[in-house]
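This is the structure I have questions about; it appears just below.
The values are calculated or read from the model by the stated rules, or taken from the named source; none is laboratory data. Fair warning: this is a prediction, and the values are worked out from it, not measured in the lab. Backbone-built Cβ (ideal geometry, glycine too); neighbour counts: all protein chains shown.
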Amino acid sequence: MGVLNAGGLLIVEVGAGQADAVVGILRAAGFELLDLADVPARVVISEYIDVAHAFFDGDEPKVINGVLDQLARKLRPGELPER
């Protein structure tokens with residue numbers, strides 16, 4: 001599993017058995033970031049990292065964290081602290 005940042009486009013590489021769960025987690029979190037502005041981005045990210053930990057023991061939660069961090073920074077500029 002890995003993430004490649006290609007000119008602002010995040011490409012997530014996952015194994016065949018992991019893809020459905022990873023995509024499902026990212027889609028649900030993406031929905032919350034887009035449509036539930038009353039839920040802070042930090043809370044959305046934290047909740048879905050917890051979900052990822054329930055499904056995976058490897059690096060998947062770290063990858064999901066990184067993808068959601070980037071997504072939240074693009075969808076909700078200024079809400080998360082600068083790195």
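Suppose we filter the range 31-62 for residues that are buried (at least 18 other Cβ atoms within 10 Å of the Cβ) and out of contact with any helix residue (DSSP H, G or I) (no Cβ under 6 Å at 6 or more places or on another chain); how many remain?
Of the residues in the range 31-62, 1 are buried (at least 18 other Cβ atoms within 10 Å of the Cβ) and out of contact with any helix residue (DSSP H, G or I) (no Cβ under 6 Å at 6 or more places or on another chain).
In addition: Residue by residue through the range 59-82, note down the ones that are at pLDDT 90 or above and outside any helix (DSSP H, G or I).
Selection gives ARG76, PRO77, GLY78, GLU79, LEU80, PRO81.
With ARG83, ARG76 as the choices, which residue is basic (Lys, Arg) and either without any contact (Cβ under 8 Å) to a residue 40 or more places away in the chain or under 16 Å from VAL23 (Cβ atoms) (or both)?
On the way: ARG76 fails: either without any contact (Cβ under 8 Å) to a residue 40 or more places away in the chain or under 16 Å from VAL23 (Cβ atoms) (or both).
Residue meeting the stated conditions: ARG83.
Condition first: at pLDDT 85 or above and among the charged types (D, E, K, R). Now tell me which residues in the range 4-58 satisfy that.
Within the range 4-58, the first condition is being at pLDDT 85 or above, and the residues that meet it are 21-58.
Residues satisfying the conditions are ARG27, GLU32, ASP35, ASP38, ARG42, GLU47, ASP50, ASP57.
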